[in-house]
1. Label residue 2 and residue 338 with points 7 Å out from Cα along Cα→Cβ: what is the distance between them in nm?
2. Pairs of alpha-carbon atoms within less than 8 angstrom and 6+ residues apart define the contacts here; what relative contact order does the chain have, in percent?
3. Based solely on its DSSP helices, what 222 nm [θ] is calculated for the chain when runs of n ≥ 4 H residues each add -39,500 (n - 2.57) and the sum is averaged over all residues, nearest 500 deg cm²/dmol?
4. Can you quote the Å³ per residue value for the convex hull of the Cα atoms in the range 75-170, rounded to an integer?
5. Which order, highest average first, do 7-17, 123-133 follow once you tally other Cβ atoms within 10 Å for each residue and take the mean per peptide?
6. According to the Cα gyration tensor, what semi-axes, each the square root of 5 times an eigenvalue, does the equivalent ellipsoid of the range 27-88 have, listed from largest to smallest in whole Å?
7. So, in nm, how far is label residue 23 from label residue 61 when the simple model puts each one 7 Å beyond its Cα toward the Cβ?
8. Based on the alpha carbon coordinates of the range 205-354, what radius of gyration and maximum Cα-Cα distance (Dmax) apply, in Å?
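Just so it is clear, none of the values below were taken in a lab; they were calculated from the coordinates. Keep in mind it's a predicted model, so treat the numbers as computed, not measured. Positions of Cβ are generated from backbone atoms using ideal geometry, with glycine treated the same way; all protein chains shown enter the neighbour counts.
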Ligand code: MLT
């Protein structure tokens, strides 16, 4: 008799964005004549950069000929892409990285979800709250989260670090002893950032306590302000304690193409129960070689083109386009009287909703009265209750139209 992984039974019925999509679809079916605008999931709407599609066409052509076709890609990625990443994302910021510290994948969602494979089930995990649900749900699937305590809106063995307007969205070091901490900066969902000084507090804490930081930098390309670190490795000592996740999804519009990478420094160690030290780089290498057959050649050529001169210019144009949307959303939401955060170094805008509504109620109100789909803050965790998230990834026209509709909203 095959037994299931019973941890799956403890998860909430649907993944956050599936629930949002379900409600939006039900509304569209009930009111087919209404134009619904989605500013919910962070999915891109601008086309791929011409430099990227040119590289893809060229790679497709190579695949059509016996002399130039490629079979399995190297598990950790082609050297041409790894070298472009090291030069542009790290060396350009004064960070050294070796080729075998970079692992190309099909995106940060997979890697942040899969990384748990190399950590023991006994580890105590901390997350900022609100948080990208993948971190929590994947730990729950692995049995690391314990039971879901519905009344508390929290998992038994997860340490939650509230990030709210009251503490300026700056996570305090956990009072409880933890082993692994997920940090995402610029932050999804709040759009807020940490300064180098604030991130250094975390790196020093991790160094002193043998904690591993899982640092999700998927949104670093949207940083506009100085003093906001693009990589945790800008902080001294971080290579001893942090794994960093990067994504081409938001940077270069690859949500439908799928490519990202993870940096696992060779100096990063973790321990067995006897206290012996092991290289996490080697464990991740082993995990990827066993469970992953590499990102497609065509896609890795596309990602390489992100770093070409033309690619960089075109991609910057797209990021500026989204950040103009972010400024429009921020300004218009502020006019409604709501307190608004993010949108300056990140494509997400996090708004405090008026008293008297839960975030799902406010989500429904926006959908019913303005036909705008958002993401309710509580979907990202208990501390997200009372907030709502907008993304800047819509088209300019839809964003402007949505903001016109928001003006008529009775709060
Ligand atoms: C989001 O909207 O939070 C993201 O698009 C989700 C993701 O990147 O998987």
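1. If labels sit at residue 2 and residue 338, their model points lie 4.4 nm apart.
2. On the way: 785 pairs, mean separation 96.3, N = 411.
Once normalised by length, the contact order is 23 percent.
3. After summing the helix terms and dividing by the residues of the chain, the value is -10500 deg cm²/dmol.
4. Considering the Cα atoms of the range 75-170, their hull volume per residue is 139 Å³.
5. Averaged packing, sorted descending, gives the order 123-133, 7-17.
6. Values: eigenvalues 295, 60, 32 Å².
Gyration-tensor ellipsoid for the range 27-88: 38, 17, 13 Å.
7. So the two model labels end up 4.9 nm from each other.
8. 19.0, 58
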